[in-house]
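A short write-up of the structure that comes next.
The values are calculated or read from the model by the stated rules, or taken from the named source; none is laboratory data. Just so we're clear, the structure is a prediction, and the values are computed from it rather than from any experiment. Neighbour counts run over all protein chains shown; Cβ positions are idealised from the backbone, glycine included.
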C-alpha cells in the first residue's frame, strides 16, 4: 500500500515559500527525531539552494539517543547544515537556536542588521510549540494533529531575528514507500488517509527486529512472536480487542500499538538509521529503473503493433 497526503493548502504553501525564499538569510527545518530522513522534505533542499540551514531534530525525548547522535553526524556532513536535537521539556536547548543563527551568519552583525529566518517542516512535528517557546509567548496555534498552521506569519525574536512561520507541508510522492508508513506512524499524515491495521503491522515488524525488549515490557509478553501479525494478535488478546468468533480486531489493536508508540509508552525509539535509509533508497532506485524499462518495452511493442496494423 502506498501512503500519500498532499491537500490543496500544501501546494499553495510550497508556492508561497518559493516566492519568499530569495529574501531569507537562514532556514530552520523542523524534523521528527524519530524519523529524520522521512520527515526531511526534499522540496526544502531544492528551494533553499545555498542558504544556511539548521535542522532541528524535535521530539528528541521520544527518540533513541544513540541513533539521534548518528543522525546529527550524518546531517552535518552537508555544507551549511547544523543539526540541533530538541524537545519541549528543555526550552533552554530550544533557545540555543538563536546562537546557531549567529554562528551560521559569521559575516553578519545581527545587532546592526537583523537576520530573516524562515521555519519549515512537515505537519505535526511540533513547529508551533517550538515557535512559542522561542518567542516567549503564545503566537502560533498548536494542536496534536497534522495541518494546524494554514498561512504564513512573521514573528520578532530576540537577537534581532525575524522569523517567518509557514504551514507544514509534505511532498506529492513519498519515496521510498516506507517513508509514507513512518510519517503515518508518527502522526504527520491525517488519520483518514491510511488504515491503522496496515501501518501497525509495518510498525510491529520493525519493533520486533529493533526494539523487542520494549514490546516485552509494555505488553507483558513472556515470549515474543516472530511476525508482526502474531504480535498484533497478542496485543489484541491482552487488551480485549476481540470480535465475534474470538478473532482479534486488528484495527483496534493497531490503534493501541500506534498510540503507545506516538506517546512514548514504548520508550525512546527511532524508526530509521542512515544505513537503513541508504539501502531503501538504493532498492527504490532499482525498482524505479526496472519499472521504467518495463514501460519502455511495452511502448516499443505497442508501436511495432501499430506499424503492422497500418501497413
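Brief remarks on what is shown
- Comparison of 103, 46, 77, 92 shows that the only residue that is under 30 Å from residue 263 (Cα atoms) and out of contact with any helix residue (DSSP H, G or I) (no Cβ under 8 Å at 6 or more places or on another chain) is 92.
- Every listed requirement among (1) crowded, with 16+ Cβ neighbours inside 10 Å; (2) modelled with pLDDT of 95 or more; (3) over 27 Å from residue 58 (Cα atoms) is met by residue 266 save one, (3).
- Scanning region 102-120 finds one or more residues that are at pLDDT 80 or above, under 14 Å from the mean Cα position of the chain (by Cα) and buried (at least 16 other Cβ atoms within 10 Å of the Cβ).
- Criterion: within 20 Å of residue 125 (Cα to Cα), touching a residue at least 40 places away in the same chain (Cβ under 8 Å) and in a loop (DSSP other than H, G, I, E, B) - qualifying residue of 168, 180: 168
- Residues within region 136-165 that are modelled with pLDDT of 80 or more and buried (at least 16 other Cβ atoms within 10 Å of the Cβ), tallied: 7
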